[in-house]
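Following: one structure in structure tokens, then a few remarks.
The values are calculated or read from the model by the stated rules, or taken from the named source; none is laboratory data. The structure presented is a predicted model; accordingly, all values stated were derived computationally and were not measured. Here the Cβ positions follow ideal geometry from the backbone for every residue, glycine too, while neighbour counts run over all protein chains shown.
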Amino acid sequence: MNELRTLLSATTARVLAEASGKPANAVWHAIAEAGLNKVLVSEDAGGFGGTWEDALAVIQPCGTHATNAPLPEAILATHLAQAANLTLPDSMITIAAHAEGTLTQNSFSGTLRFVPWGRDASHVLTALGETLILLAIADAKIEQHQNPASEPRDTLTFTNAPAQSANLATDLLADLALLRTAQIAGALEQALALSVQYTRERKQFGRALAQFQAIQQQLAILAEETAAANMAAAAAFAAKDKGDAAFEIAAAKLRANRAARASTGIAHQVHGAMGFTAEYQLHPLTTRLWAYQTEAGNERHWAEKLGKQIAQRGAKNFWPDLVARAER
Amino acid sequence: MRKFQFTPYEMPQAAKGLRAEVRAFLAAEMPTSTPAEKSRSWSGGDAAFSRKLGKRGWLGMTLPKKYGGHDRSYAERYVVIEEMLVAGAPVGLHWVADRQSGPLILRYGTEEQRQTLLPKIAAGEAFFCIGMSEPGSGSDLASVRTRARKVEGGWRINGQKIWTSTAQHAHYMIALVRTGEAETRHAGLTQFLVDMKSEGLTVKPIANITGESHFNEVFFDDVFVPDTMLIGNEGGGWQQVTAELAFERSGPERYLSSIRLFLEFLRVTGENPTELEQQLLGRLTAELWTLRQMSMSVMGKLAAGEDPTAEATVVKDLGTSFEQELPRLVQANTRSDVLLESGHVFDDTLTYLLQSAPSFSLRGGTREILRGIIARELGLR
């Protein structure tokens, strides 16, 4: 690990642990003070000048700590806004994968759905067709909704709202999928840690649950799936640093979703009724793992995309293509 | 609790050029074979092909030049073996020698053993088998009862090994046998190099459910092994065996066993897949891509001198689960008219892999043993 990444990991762990359980604005305040939202921003512009692999060291812990703020979204939005020369205020910014509506002469009318922390953020970056637009949420009518983890996923409606715009140079849904892949990996790590801890402490039939082979075998699967999600996320972030990462992101989100699907049941099963209580801290993880499987494309979405591509390239190209992507 | 470390691995430049050479070689030199034959891969074998690989310098690649090796990197060897596996090349005869016997002899062997055996391994002229399992000793390997008794100038071995793959073709066995007291279990085990032509040694092939004989029974009736053929330390066998597990459990052969059927499925699916076919292709590709990253990550740690035995265990269980599930999924999702259109080409591949798939999660450490190891790493036991 390089020096920057070590620093980012330590800072992120400290900031997010301290912010745990606090309201979104307080969490954001701590994040902004540490500058974590600017990990991808160049040093000249006051950021860390990090790579995507460095950003992973900040984004993955958001899953581990079930962070109550759109830090992954803000990292991406800040990066994209800077690249597109949009003027960004130094406040909480979020992202919506796409907008429905019309943009005429820097004025936007339309709707953004499932906006993470729409009610708390000051600005939102979104894609309208091939155009990237930045909107002030003060101009929106907000309808509050939430995902299965009770994270805000609001509907924002704009009428003739002033908008900054630029050409869209990325696939926003894929970028969001990349973020969720890392968050899934982080949440799985913590669900595994809790499961190991709980089964070592909880005794039945005179011995710790961890000593039963049936439990051991299940937790081994949980650990393997966690490792797979970690690998998928890390490899996708590494690919993103090389340029086009469409293939890797699709594969990584698919694999991370599968890991989440296989794992939440195990984590709950070994925790018994305790894991089902509002008080115990398993549910902030498992509910996020459910939510993130839907968000930014479920398995069906990415499998279809990947499957179509592979079939078009045919059996002869399959392996050479797979290898060539890793050896760019 | 231990955290499993998987980090992206970047192939070095030298490995990339080598890949093109390997593909050109395979295009020119691989024996003509059907997809079903290709799916045998490291379970199939061809002595002439093994010697060709030896001539090209693609066996014993990581061994030092002074022992007939090539001083190449783990990454370069990885490139060669994954290309061989994907092409379905008949690599089974030299597989064990190249993967683990060579490195084991280099690490623990005497200078004489290195000088006589390693050049033959690198030339594709010495094939090895692993004498571990016994009738009463499978997953519980430390319970082996085959015993070596000290005699003048060497040892006399009596007992029986079973499930010994390619014993009928091998020139040598590396046998794990008991030289100490039975009560001490992990201690008192020693590894010997046994010449398969030794007097008193009998190999009896066992047909498996595919109808082929890949594994064997090997009987030892007072087989004499000279002192010079003891590997490493007397009584150090258990430690020597477990030291090689990261090599044995993380390679591409742990997730590519069913690749031929995946490619066949892709072929019969054609350019315009149904949504069902897209789904399956997408999911399997995501899994395969992730496994390759994980397997390469372990190789990278081995190359860096780290000990990724625990990570290798994860790769093997996930990898063999994938290659084992693949034939069932392909069978369930193939269009019914494919059999008519494709004749027996597709069907023969599917049949072979359906039959051989149960062995994937048995050979080289059963799924349950692997998960037990992972549980121990997690601090559960």
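Comparison of B:318, B:261 shows that the only residue that is aliphatic (A, V, I, L, M), facing another protein chain (nearest Cβ under 10 Å) and either free of Cβ contacts under 8 Å to residues at least 24 places away in the same chain or not in a loop (DSSP other than H, G, I, E, B) (or both) is B:318. The residue of the range B:273-306 that is surrounded by the most Cβ atoms within 10 Å (Cβ to Cβ), among those that are among the β-branched types (Val, Ile, Thr) and facing another protein chain (nearest Cβ under 7 Å), is B:290.
In the set A:307, A:314, A:265, only one residue is of a type in the set (Gly, Ala, Ser), assigned to a helix (DSSP H, G or I), without any contact (Cβ under 8 Å) to a residue 12 or more places away in the chain and surrounded by 20 or more Cβ atoms within 10 Å (Cβ to Cβ); that residue is A:307. Within the range B:332-362, the set of residues being within 14 Å of chain A (Cβ to nearest Cβ) and aromatic (Phe, Trp, Tyr) comprises B:346 only.
Of B:124, B:131, all but one fail to be within 18 Å of the chain's Cα centre (by Cα), over 21 Å from residue B:363 (Cα atoms) and buried (at least 21 other Cβ atoms within 10 Å of the Cβ); the exception is B:124.
Selection of helices (runs of 4 or more DSSP H) fully inside the range B:1-111 by the criterion of at least 1 residues being over 28 Å from residue B:216 (Cα atoms) and in contact with a Pro (Cβ under 7 Å, 6 or more places away or on another chain) returns B:74-87. Listed conditions (1) more than 22 Å from residue B:291 (Cβ to Cβ); (2) among the small types (Gly, Ala, Ser); (3) more than 10 Å from every other protein chain (Cβ to nearest Cβ); (4) not in a loop (DSSP other than H, G, I, E, B) are all met by residue A:210, apart from (3). Every listed requirement among (1) away from chain A (no Cβ under 14 Å); (2) among the hydroxyl-bearing types (Ser, Thr, Tyr); (3) within 30 Å of residue A:225 (Cβ to Cβ) is met by residue B:33 save one, (3). Restricting attention to the range B:186-214, the residues that are surrounded by fewer than 21 Cβ atoms within 10 Å (Cβ to Cβ) and farther than 17 Å from residue B:159 by Cα total 10. Within the range B:366-381, residues that are closer than 16 Å to residue A:200 by Cα sit with their Cβ atoms under 9 Å from residues that are among the charged types (D, E, K, R) and surrounded by 20 or more Cβ atoms within 10 Å (Cβ to Cβ), at 6+ positions apart or across chains, in these pairs: B:374/A:224; B:374/B:317. Scanning the range A:267-306 for residues that are among the aliphatic types (A, V, I, L, M) and within 14 Å of chain B (Cβ to nearest Cβ) returns A:267, A:270, A:303, A:306.
Scanning the range A:236-254 for residues being without any contact (Cβ under 8 Å) to a residue 60 or more places away in the chain and at the interface with chain B (Cβ under 10 Å from one of its Cβ atoms) gives a total of 3. The set of residues from the range A:144-170 being among the hydrophobic types (A, V, I, L, M, F, W, C) and loosely packed, with under 12 Cβ neighbours inside 10 Å comprises just one member, A:169. Taking first residues from the range B:27-46 that are in the same structural domain as residue B:90 (by TED's automatic domain parsing) and partners that are among the basic types (Lys, Arg), the Cβ contacts under 7 Å between residues at least 6 apart in sequence or on separate chains come to B:29/B:52; B:35/B:260; B:38/B:260; B:39/B:260. Filtered by the rule that a residue be facing chain B (nearest Cβ under 9 Å) and in a loop (DSSP other than H, G, I, E, B), the range A:317-328 gives a lone residue, A:327. What are the pairs with Cβ atoms under 8 angstrom where one residue, in the range A:100-111, is free of Cβ contacts under 8 Å to residues at least 40 places away in the same chain and the other, located anywhere, is among the aromatic types (Phe, Trp, Tyr)? Sequence gap at least six, or different chains. Short answer, once both residue conditions are applied: A:102/A:108. When you look at residue B:365, is it away from chain A (no Cβ under 12 Å), under 25 Å from residue B:312 (Cβ atoms) and not in a helix (DSSP H, G or I), yes or no? Spelling it out, residue B:365 is indeed away from chain A (no Cβ under 12 Å), under 25 Å from residue B:312 (Cβ atoms) and not in a helix (DSSP H, G or I). Counting only residues that are closer than 12 Å to residue B:223 by Cβ and either in a loop (DSSP other than H, G, I, E, B) or in contact with a Pro (Cβ under 8 Å, 6 or more places away or on another chain) (or both), the range B:158-210 holds 6 of them. Criterion applied to A:229, A:260 was being in contact (Cβ under 8 Å) with a residue 12 or more places away in the chain and under 27 Å from residue A:328 (Cα atoms), and the one residue passing it is A:229.
Residue check: is residue B:325 without any contact (Cβ under 8 Å) to a residue 40 or more places away in the chain, within 23 Å of residue A:319 (Cα to Cα) and surrounded by 18 or more Cβ atoms within 10 Å (Cβ to Cβ)? It is false that residue B:325 is without any contact (Cβ under 8 Å) to a residue 40 or more places away in the chain, within 23 Å of residue A:319 (Cα to Cα) and surrounded by 18 or more Cβ atoms within 10 Å (Cβ to Cβ).
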